[in-house]
Each structure stands twice: as C-alpha cells, then as structure tokens.
Amino acid sequence: MSDTIKDATLEYAIRLGDDANVLGHRISEWVSHGPFLEEDIAYANVALDYIGRARMFYGYASELANDGRTEDDFAYMRDDRQYRNLLLMEMPKEDFAYSQVRQLFIDIYYGLLLPELVKSKDDTLAAIAAKAIKETRYHLRRSRDWVLRLGDGTEESHRRTQRAVDSLWGYTHEMFEMDDTERLLVDSGIGVDITKLRDDWHRQVGSILTEATLNVPEDSWTVRGGRIGYHTENLGHLLTEMQFVHRSYPGCQW
Amino acid sequence: MSEISLMPEEQYHRLQQRDTSEVKELWDLLDEVKDPEIPALSIWDLGILRDIERQGDRIVVTITPTYSGCPAMDTITEDIEAALNAKGYESLEVKMQLSPAWSSEWMSPEGRRKLRNYGVAPPEDADASEDGLTPDAHALCPHCGSRDTRLLSEFGSTACKALFQCQACKETFDYFKKI
Ligand SMILES: [Zn+2]
C-alpha cells in the first residue's frame, strides 16, 4: 500500500469510526428514557452495534497509524475539531420521533453504503461492512416501522414526525458529498462512491415518508462541515460527557 | 414416517475441521468455555470458536463475535486463556476474526437443543418473514411447545435475541434471531 493510499485509508477508517461512535453514544442516551421498556432495550442494542462498529474501525485506524495510538485514544483523546463525523450523527436526541427519523435516514444510508463497502479491495473494511450489514437490516426494519406508525398516527405524533423530517433534512446532503481523500479511495477500489447512492436514498426515503403521510421537504438549506471538523455545538457537549471518565482517570482499568 | 433432518453445509465443515484437527484435545478442553450470557451453551455450540492451531509451542485460538458490539467477547477471551492456562498452556494467543461474518447457521445441533431446554427458542423454531427477518408470530414456545405466540420486541435481552410471548402458557421467551 502506498503512503498516500494508506493515509487516505486511515482518514476513511477514522471518518467511519467517528460516525459510528458519535451515533452510538447519541442513541445510548435513550437508555432509561425510552417510551417503554422494550424500546429502551432496543435502543441499547442498536447503540451497542454502533459502538462495536466504532471499535472495529478505530482498531483498524490504530493498526494503519502504527504510532502507538489505540482505539481508546481515537475515541477519548480527540477534541471536536479533530472529529470527522457527519453532522447528522451528532444532532441531539430530542423527542422519540426526531431520533427515529434520524435513524431511518441513517439506516437507509448504511443499507446502501455497506453492500458497496463489502466489495472494497481493503479486506478489513470489507469484513467490518459484512458484519454490519446484517445488523443494519434489523435496525432499518425498526426505524421504518416507527416512522410509519408515528407519521400516520395521531395528530400530535404526525406533527412531531414532520417537524423532525423538516429539521433534519438539511443535514442529509452532507452524507453524499466527497472530497479528494474519498475520491482517491474510490479510484483505488477501496472507498465507496457515495454520490452514486444519492438517488436511491431519496427514492427509498421518499416512498416511506409518503406512505407515512409525511411531506418530503424541498432542498432549501444545507449545513456541512463534519468531515473537516466544523461541528455544531452539540458535539462538544456529547464529547464532554463521553470522554469525562477517561480523561479524569487516565489509564484506569477495571 | 420419521423426518430426516439435513445437516447444513456450514455445520458439516465445522465438524470436519474439529475431527481432523491436530489438537483435538484442545477443542474438547474449550467445550468448558461457555457464553457468559447463555451459560448453557459453549463457544463451540454457538459457533464463536472458529479455529485452534498449534504454531510451534504456541496455541492460537480464533474466535468471531456474534454481533459487532457483543460485550461478551472480552470475557470469553479471558475464559479461554484461563482454561488453557489451567492445563499448563502458557504461550497462547486469542485472535478475533471478523470475516466471514458469524451466522446463526453455525450453531451446533446440540447447541440448538440446549438452547431450547434453556428456555430460548433457536432460530429454526420460527419461519422467517418475507424479508428473512424475525416473524411477527408463531415461534415455537420452548416452555409448552405451542405455536400460538407473538413478537413483543425485535430486540430482546441481548442483540442476538428477540422477545416473544406465548398465548397458551402466557410465558414470555427469548427467540435467537437468524443472522
Ligand atoms: Zn408456551
């Protein structure tokens, strides 16, 4: 592997790891706050799947970096400007409808991305993707069911779900944008050409929203910056909570 | 007429691998390592144990996680080391292998029986829904054998299980999902 490709792959593993880590933490905030016990447990399970993915991507990043940084260093010792996750992942949990709409957007995204990443020439990325695909199918079924139920539910649940769709829509464009790093990896058969998945994503999301009697928003605004470390204030708060123990008790084991 | 159950291809290869292994005694030894979340089943029963090799005087054990975030993997690694240490094997390594991704097909036939006796319905005790995932109803109740059951939640006490309720005996039970 040439150094340029290796550096790009490292950056890619960090991006994918950050997406999984930040989302996993965000979802875990539902534990003990779910609308009922089964949903609490479901969220805990989905969060664990994402935290497990983050460990695999960070583990690979640590292998590629080969400079003594461990998976814990990637998760706990970087500040928000060094995080590379999509902004959508860091948005607060808000109400149940908001979290489920975000989850639907993300589950459909991974439902398209992972089957492509499985074909990667990089064996480790392909193996992580193969593991994650099976889990995402279960996640998607749940988020889809909930969005249908809430959108086509009571006046209140419909209103909240539509509000969630409208507030999150502008954060979805960033998912389908690529920079030179990712283009280089696409050319080398390692990364996924995410721009090609955009139409499918819109088609799938559109059909579920329509079935849920929700409006598909116009593309009137866009926020981006996560991939270069420009985050919303939400990420700082999340990291404060997530990194507190590790930073207060360095090297602590139990 | 009695039913002849077929052995899945995956299962056959696993048995072959164990039977022809140069370190057969170590496979037997690791039968005592159980899944901390389902202590009735060994890591062999679940298909978490992928391989055991002797490399010089070193023992290399390969395991694979059921789910990405399976929190039991660290405990399982420690238990494997402890079991081997107790028999005098000091030089060893437990490797985690992701590919091929774990499948519920790998569970051994004894594992499936033990699971049912433990009160958890194994994957084949429900017909998959059209999309290949957990069905809404009719998983076989491990307590009373009724099919009059319904899905309460896709996500049970751990990521690998869904929660069902039996209408006949009123008990709830876990169903081990197909993956
Ligand atoms: Zn029953």
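Things to note:
- Antiparallel bridge percentage (DSSP; both residues within the range B:33-95; nearest 5): 65
- Carbon and sulfur %, accessible surface of chain A computed with the full protein complex present, 1.4 Å: 50
- Under 27 Å from the Cα of residue A:6 - lysines, other chains or at least 8 residues apart: A:119, A:121, A:131, A:196, B:95
- Two-site label geometry, residue A:93 and residue B:18: point separation in nm, points 7 Å out along Cα→Cβ: 4.1
- By the Cβ distance rule (another cysteine Cβ under 4.7 Å), the unpaired cysteines of the protein assembly as shown are A:252, B:70, B:160.
- For chain B, modelled as a GNM whose springs connect Cα atoms under 10 angstrom apart, the maximal fluctuation among B:32, B:105, B:130 occurs at B:130.
- FRET efficiency for residue B:11 and residue B:40, using Cβ-Cβ distance with R0 set to 30 Å, rounded to 0.05: 0.95
- Here is how the number arises for chain B: DSSP H runs of 4 or more residues each give -39500 (n - 2.57), the sum is divided by the residue count, and the result at 222 nm is -7000 deg cm²/dmol.
- Over the range A:3-248, relative contact order from alpha-carbon pairs under 8 Å, at least 6 apart, %: 26
- Computed E for residue B:152/residue A:215 - FRET, C-beta separation, R0 41 angstrom, nearest 0.05: 0.80
- The chymotrypsin sites (Phe, Trp or Tyr not before Pro) of the range A:168-243 that meet both conditions, a loop assignment by DSSP and at most 13 other Cβ atoms within 10 Å of the site Cβ, are A:221, A:230.
- Residue-span extension gain [residue A:31 to residue A:202] - 0.36 nm each, minus C-alpha spacing: 58.5 nm
- When both bridge partners sit in the protein assembly as shown, DSSP labels roughly 70% of those beta bridges antiparallel.
- Antiparallel bridges, percent of DSSP beta bridges restricted to the range B:119-176 (to nearest 5): 85
- Theoretical FRET efficiency, 1/(1+(r/R0)^6), r = Cβ-Cβ of residue A:79 and residue B:60, R0 25 Å, to 0.05: 0.05
- Result for chain A in a Gaussian network model with C-alpha springs under 10 Å: among A:89, A:56, A:178, the largest mean-square fluctuation is at A:178.
The values are calculated or read from the model by the stated rules, or taken from the named source; none is laboratory data. None of these values were measured; they are calculated from a predicted model. Reconstructed Cβ throughout: ideal geometry from the backbone, glycine too, with neighbour counts over all protein chains shown. Heavy atoms of the whole protein, side chains included, go into the accessibility calculation; ligands, DNA and RNA do not. Shrake-Rupley method; radii C 1.70, N 1.55, O 1.52, S 1.80 Å.
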